[in-house]
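The values are calculated or read from the model by the stated rules, or taken from the named source; none is laboratory data. It should be emphasised that the depicted structure is a prediction, and the values quoted were computed from it without experimental measurement. Cβ placement follows ideal geometry from the backbone for every residue including glycine, while neighbour counts extend to all protein chains displayed. Just so you know, the surface numbers come from the protein's heavy atoms only, side chains and all, with ligands and any DNA or RNA stripped out. Shrake-Rupley method; radii C 1.70, N 1.55, O 1.52, S 1.80 Å.
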Amino acid sequence: MPELDFRGPDFRGPDFRGLDSAAQAAFRPHFADVLHRARRRRRTRIVAAVVTGAAVLAGGGVAVAQLPARHALPPADSPTPTPEFLPAPDPAASARAQAPGRRTRYGPTQAGDLDRLYVRYGDCRDRDCAPGVAVSADRGRTWQKIPLPVPVNSLAALYPTGPRTVAVRVQTQLAAPGGTITGEKFWLTSLDGGLTWRRAELRQVPALPAGARVPDRMPGPDRDPLITVDPSTGDVLQLAHRSTLRSARFVESIPVDAGLWVSGSTGASTGPDSRISYTGSAVEVSRDGGRSWQRYVFPEQIVSNDDFGGVAVASHNGQTAYAVGRVGATLRIYRTVDGGRSWQRTAATAQVGERRITAAVRSDGTLVVQAGLDAGENPVMFTSTDRGNSLQPVPLGPGASAVPVPGGYAQSGWPQSSAVWLSVDGDDWSHVAPPD
């Protein structure tokens, strides 16, 4: 589906461009999965020799592995059995979702904290869907569905910014001549865990409050300035300036008290096939809410994803952090011990082909790296317990895309599923499915 752009070239206000691909998926199931597959078709295939090298490193295979027993056992009161971590795509799922009649479509489940969960849904009859938010205050054991005060078929993107503080940006849909979709654009916020909603004022500020939780959004902070919600007023606070990096991605895997981190590139060029190539992999860090930024440019072009963003950045304390990505088909790890001011390349490496890379750090300092984000990429996973100097292959499981939340960590199952994985320490995980 084409993205929607309501901005001029000098726009500096709120960006509702398509309300993110995730919002598009709210009422069009598996949109994000289709998008990933389309992007993979634009990239060249994983070289067979590289896959073989990864198989040797991983001890004889890179096929999707079942979780170890301690991951596979859900809590006694878990509402659903723990499924395979990265299930193969179900070709019949979309057909079932598009069958006529009444049905519910879910987006990704997101965590306000380890207990409070939120998931946007569409209560659909035939082609019309009424948006809402399902809320759980007990880690998914029980859910309450709350309709949003918006017109039917509105696009809605959900952003928890605290245990009980949630924002939704909305775009109503009105078909215009030529097939263009237009409509009203506005924010809703809730300060009571999604039980009640109000239209929120958007205020541009020179700096976000210290310790503010900033949600990751697409198309990225170079196009859509960083936002948070004021927990006392419910206003949406938007940083006055956009990131100067290109193809930028906000880093969610850094604790909120460690400042704002953005990964991207310093330059870009367009080839004869009109594809954009990015150069100058870099990380920017702000310790004053985005008022000023410190940039580090890596000495080689290292990327975690061919489609957007630069390196994958992860830390559990904001001082020792890791930048992980690929140079060609080879995994690279850089480490900082001074909060991103300087970086050094570590000795660890692996052959990972053209797989997309994610990384996170557990509460005990263990670095977790995953190469390949869905079953079609034949993912492999590694951990490092010596500050990135060596890598050990481990069975595939949650942890490498973990985001710190109050009380522990959360990892979305999106786009493979609407479920979420939760952990106190980033090591032992439980699975929570959205409501039936």
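The criterion of at least 2 residues that are open to solvent by 40 Å² or more (accessible area, probe 1.4 Å) is met, among strands (runs of 3 or more DSSP E) falling completely within region 266-327, by 276-286, 294-297. Counting only residues that are open to solvent by 60 Å² or more (accessible area, probe 1.4 Å) and in a strand (DSSP E or B), region 108-161 holds 5 of them. Within region 230-259, the set of residues being of a type in the set (A, V, I, L, M), in contact with a Pro (Cβ under 9 Å, 6 or more places away or on another chain) and not in a loop (DSSP other than H, G, I, E, B) comprises Val236, Leu237, Leu239, Ala248, Val256. Whether a residue is open to solvent by less than 40 Å² (accessible area, probe 1.4 Å) and either more than 22 Å from Val403 (Cβ to Cβ) or in contact with a strand residue (DSSP E or B) (Cβ under 7 Å, 6 or more places away or on another chain) (or both) was assessed, and Asp224 does not pass this test. Find the residue count for region 328-349, including only residues that are crowded, with 21+ Cβ neighbours inside 10 Å, farther than 14 Å from Ile302 by Cβ and among the aliphatic types (A, V, I, L, M). So the answer is 0. The condition (being closer than 18 Å to Arg164 by Cα and crowded, with 18+ Cβ neighbours inside 10 Å) is satisfied by just one residue among Pro209, Pro219, Pro215: Pro215. Checking each residue of region 412-422 against the condition of being without any contact (Cβ under 8 Å) to a residue 12 or more places away in the chain and either farther than 16 Å from Ala323 by Cα or in a strand (DSSP E or B) (or both) gives no match. In the set (1) at pLDDT below 95; (2) out of contact with any Pro (no Cβ under 8 Å at 6 or more places or on another chain), the condition left unmet by Gly340 is number (1). Selection within region 356-413: residues that are open to solvent by 50 Å² or more (accessible area, probe 1.4 Å) and acidic (Asp, Glu). The member of this set that is farthest from Thr330 (Cα to Cα) is Asp364.
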